[in-house]
Amino acid sequence: MAFALAFFMLPALSLMTSAQVPTVPSVEIDCDSNPVMNVHPSYYEPIDLTCVVRNPSSFEETISVDKEWEGNNVEMILSEDTFTLGADEEEEFTVTFSGPTKLSADTSYSFTLIAQVDSIGQVPYDWANANASYNGDFTVSTYGMVELEMSDKSTRTMVLDEARVLSFQFSNNGNDKDKIRVSIANEAELIESGFSFPLGSFVAEDVDSGSVSSLREISITAPSEVSKEVRVQVIIRAESNNDDNAEFSEISITIVIEKSSELSGLGGLDEMSTGDMKKYGAILGAGILGIFILVLALKVVGRRSAEVATPRTLELPDIEKESDVVDDLDEFDEFDDLFSDLDEEEDDLDSFLDDFE
């Protein structure tokens, strides 16, 4: 019976004995996922990497953490590099990466964190196997930043069915090569108003970081007919293909389509507005009236000059010869004829003016 009890208790005693045996000094280190820094000029901030150092041994340890880093223009800073940890204790620390904005998207650096046991309690410890390391990679995120440019942003006045070309360029201010797309943002609205885009409503081009595209164009055709003057805004938008969160760049152009005149058979007159027609009609009427008055005045002056140029001798009649006096008075009828002519000319002028009313 005693033998059987000893047989069953032997494994338990063996386990208790092994648990009391201290483990050798050692250290562990681990970190979160590799750091990726946002270097966009508007959203940049340093990136932090959280790491944990642990003492898995049965002794109190003093542990130091060092770094291996070759980043030229990016700084790597440890929030703490010395730790005193009891048996099976751990502690977090932070590694901060900082640098300039606009770093190229292909920027990448490898780094190593090395944790080492420096002492056990107060006793220095210099065993080579009492260390651990973590290897990681630092990278930069890709961001998009585009800028649309147009040399002529003035209002375009178009006639019916006229085609116009809108020319522009776009810059890639992001940190990586980008396939930039330029389109008509309000295409549906313009099509509803009668406009069309026979060669397409967008263009796209691969542009290197820091470069400008070639000169690109989008053709727009005016409606074939309108019932009134049309004034619309054409919104041209440039967008990054690399970065869905990137802000787009827009330019708005005003296009005016005037209603055609009913006098379309008179050549260029159909392109004139009602106000222009009234203005030119008044000028034309005033000119004709001036010419008519000038001709009339010349005719009257000419007749008077002819009368003055022909001298007349008036003989006083004898009192006895009344019939001769009557004959002389007949000569004054010519003045009546002159005034009659003036009356006729005045009637003609009145009739002409009536035509303008």
Unmet requirement for THR221, which otherwise passes all of (1) loosely packed, with under 13 Cβ neighbours inside 10 Å; (2) modelled with pLDDT of 95 or more: (1)
Only one of ILE77, ILE63, ILE114 is in a strand (DSSP E or B), surrounded by 20 or more Cβ atoms within 10 Å (Cβ to Cβ), on the phi < 0 side of the Ramachandran plot and at pLDDT 95 or above, namely ILE63
Looking at (1) among the hydrophobic types (A, V, I, L, M, F, W, C); (2) more than 22 Å from the chain's Cα centre (by Cα); (3) outside the structural domain of GLU61 (by TED's automatic domain parsing); (4) surrounded by 13 or more Cβ atoms within 10 Å (Cβ to Cβ), which is the only condition MET150 fails? (2)
Can ARG54 be described as surrounded by 14 or more Cβ atoms within 10 Å (Cβ to Cβ) and either out of contact with any Ser or Thr (no Cβ under 8 Å at 6 or more places or on another chain) or farther than 30 Å from VAL212 by Cα (or both)? yes
Please enumerate the residues belonging to the range 224-256 that are charged (D, E, K, R) and surrounded by fewer than 16 Cβ atoms within 10 Å (Cβ to Cβ). GLU225, LYS228, GLU229, ARG231, ASP244, GLU247, GLU250
Pairs with Cβ under 9 Å, 6+ apart, first in the range 31-43 and without any contact (Cβ under 8 Å) to a residue 60 or more places away in the chain, second surrounded by 13 or more Cβ atoms within 10 Å (Cβ to Cβ) and among the hydrophobic types (A, V, I, L, M, F, W, C): ASP32/LEU49; ASP32/CYS51; SER33/LEU49; SER42/MET145
Restrict the check to the range 163-173 and report whether at least one residue is at pLDDT 95 or above, outside the structural domain of ASP66 (by TED's automatic domain parsing), crowded, with 16+ Cβ neighbours inside 10 Å and among the β-branched types (Val, Ile, Thr). no
Does the range 227-240 contain at least one residue that is in contact with a Gly (Cβ under 9 Å, 6 or more places away or on another chain) and assigned to a loop (DSSP other than H, G, I, E, B)? yes
Could you say which residue among LYS177, LYS102 is in the same structural domain as ASN38 (by TED's automatic domain parsing) and at pLDDT 95 or above? LYS102
For the condition in the same structural domain as THR96 (by TED's automatic domain parsing), surrounded by 15 or more Cβ atoms within 10 Å (Cβ to Cβ) and either not in a strand (DSSP E or B) or not hydrophobic (A, V, I, L, M, F, W, C) (or both), what is the one hit in GLY194, GLY136? GLY136
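The values are calculated or read from the model by the stated rules, or taken from the named source; none is laboratory data. Just so we're clear, the structure is a prediction, and the values are computed from it rather than from any experiment. With ideal geometry, Cβ positions are generated from the backbone for all residues, glycine too; neighbour counts draw on all protein chains shown.
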